[in-house]
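The next block holds one structure in the form of structure tokens; read it before the comments.
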Amino acid sequence: MIITTSLSAQEPIRLIARATVENGDTIVVMNLPTVFIYGDYAFGRKHEKLVRNIRKVYPYARLAGEKLNEYSIVLAAASDEKQVKEIMQQAEDDLMKQYKADLEKLTISQGKILIKLVDRETGHCSYELIQDLRGEFRAFFWQSFARIFGMNLKSEYDPMGTDKDIEEIVSLIERGML
């Protein structure tokens, strides 16, 4: 279908567009880019702080998702429980050596956000991950330690409810808009 329109009297503009005919009417068919609509924000200090905290911890959450996928493949090939424990101990030692100093510098609010984002990236709360990979005792220990600082490793990510703001900011980061 060719559509002719004129912005000025001298030069008409011709556009070529797809169209479909339904019940004798010609309907133009166009693909439009996706538009995301977010809530009404009072972009203040609180929101800026949330953005800053998410930007700091989101790479660690993504890394957790990637590492979980890597280790899942390695653990699936393990022959027995002893080998699984050795692999997980080595993985924990490597990760601690590489990231412990950075993670110790996180604030409590950044830690809470990280716990939520790990759940988002892996599909499992932090408590379940520790329990499955390192055992019930370790999971209980880290949960007790987290509770001292007002955190909960069993908290789950709720992108449509309590974590809506976090989800919106993460989606903007993923699209390169933040």
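The values are calculated or read from the model by the stated rules, or taken from the named source; none is laboratory data. These numbers come from a predicted model, not from an experiment. Glycine gets a Cβ as well: all are built from the backbone with ideal geometry, and neighbour counts include every protein chain shown.
Residues in segment 115-154 that are assigned to a loop (DSSP other than H, G, I, E, B), on the phi < 0 side of the Ramachandran plot and either among the hydrophobic types (A, V, I, L, M, F, W, C) or at pLDDT below 90 (or both): HIS124, CYS125, PHE149, MET151, LEU153.
Screening segment 163-178 for residues that are touching a helix residue (DSSP H, G or I) at 6+ places or on another chain (Cβ under 9 Å) and assigned to a loop (DSSP other than H, G, I, E, B) and picking the one that is nearest to ALA61 (Cα to Cα) gives ASP163. Among the residues of segment 83-126, those identified as loosely packed, with under 15 Cβ neighbours inside 10 Å and closer than 19 Å to ASP158 by Cα are SER109, GLY123. Going through (1) more than 22 Å from the chain's Cα centre (by Cα); (2) within 25 Å of ILE73 (Cβ to Cβ); (3) of a type in the set (A, V, I, L, M) one by one, ALA101 falls short only on (2).
How many of the residues in segment 69-96 are outside any loop (DSSP other than H, G, I, E, B) and either of a type in the set (Gly, Ala, Ser) or over 17 Å from ARG134 (Cα atoms) (or both)?
Keep residues of segment 69-96 that are outside any loop (DSSP other than H, G, I, E, B), which gives 69-76, 81-96.
Remaining after also requiring either of a type in the set (Gly, Ala, Ser) or over 17 Å from ARG134 (Cα atoms) (or both): 72, 76, 91.
The total comes to 3.
Cβ-Cβ contacts under 7 Å between residues 6 or more apart (or on different chains), taken from a first residue in segment 29-57 that is surrounded by 10 or more Cβ atoms within 10 Å (Cβ to Cβ) to a second residue that is at pLDDT below 80, are listed as HIS47/TYR41; VAL51/LEU178.
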